[in-house]
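Before any comments, here is the structure.
The values are calculated or read from the model by the stated rules, or taken from the named source; none is laboratory data. Computed from a predicted model, the values in this text were never measured in an experiment. No Cβ is skipped: glycine too gets one built from the backbone with ideal geometry, and neighbour counts run over all protein chains shown.
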Amino acid sequence: MSRHRSDENWKVHDFIIKRLKGWLENQGKYVVANPGQEKNPNASVKRGGTFVYPDLVVRPSEVEEITDLFEIETEDSIDSEEAEQWGIYNAGISRFYLIVPKASIGKAGDLIIEKNLSVAGIGFYDSSLNVYLPGGV
């Protein structure tokens, strides 16, 4: 969870979470969110003996295993510290998707390479806050 995010970007972050959650639910998925700095126990995953709280946790249904994790970043939260968190989220069997501002795709990709991480996909949102997901979602 970025401590570097401005108040305005927290609003963008939470709006994207809400928009993406609604879209995934319309696809028939069971989705639990951690907007802001919430730590919803139903939206946690265990990594290395510790519970972590990605922005969105997705299951095919309420009782099935987690299939996807989403982390939403803003321009001011894409940094080395956050990239370490991406690695933790990606350490399990669920697919991990990173959603960033369109102008920050290159920066996020560079951090993924630098930290030797892999992600299932990088999506983005534009200046109108429209979300574009990678294939396979």
For a quick check of your reading of the model, give me the residue pairs whose first member lies in the range 61-87 and is closer than 15 Å to Gly109 by Cα, whose second is assigned to a loop (DSSP other than H, G, I, E, B) and of a type in the set (A, V, I, L, M), with beta-carbon atoms closer than 6 Å and at least 6 apart or on different chains. Trp86/Leu117; Gly87/Leu117
Could you grab the pairs with beta carbons closer than 9 Å, sequence gap of 6+ or different chains, first residue in the range 32-47 and at positive phi and in a loop (DSSP other than H, G, I, E, B), second one surrounded by 13 or more Cβ atoms within 10 Å (Cβ to Cβ) and among the β-branched types (Val, Ile, Thr)? Gly36/Ile17
Is it the case that Ser104 is surrounded by 14 or more Cβ atoms within 10 Å (Cβ to Cβ), under 19 Å from Glu25 (Cα atoms) and either of a type in the set (Val, Ile, Thr) or touching a residue at least 12 places away in the same chain (Cβ under 8 Å) (or both)? no
Mind telling me which of the residues Ile93, Ile99, Ile112 ends up being free of Cβ contacts under 8 Å to residues at least 60 places away in the same chain and either in contact with a Cys (Cβ under 7 Å, 6 or more places away or on another chain) or surrounded by 15 or more Cβ atoms within 10 Å (Cβ to Cβ) (or both)? Ile112
Of the residues Glu8, Glu65, only one is modelled with pLDDT of 90 or more, farther than 24 Å from Pro134 by Cα, surrounded by fewer than 17 Cβ atoms within 10 Å (Cβ to Cβ) and not hydrophobic (A, V, I, L, M, F, W, C); which? Glu8
Limited to the range 72-96, what total is found for residues that are within 19 Å of Arg5 (Cβ to Cβ) and touching a strand residue (DSSP E or B) at 6+ places or on another chain (Cβ under 7 Å)? 8
Could you please find all residues in the range 48-89 being in contact with a helix residue (DSSP H, G or I) (Cβ under 8 Å, 6 or more places away or on another chain), outside any helix (DSSP H, G or I) and among the aliphatic types (A, V, I, L, M)? Val52, Leu56, Val57, Val58, Leu69, Ile72, Ile78
Of the residues in the range 89-119, how many are within 23 Å of Val12 (Cβ to Cβ) and touching a Lys or Arg at 6+ places or on another chain (Cβ under 6 Å)? 0
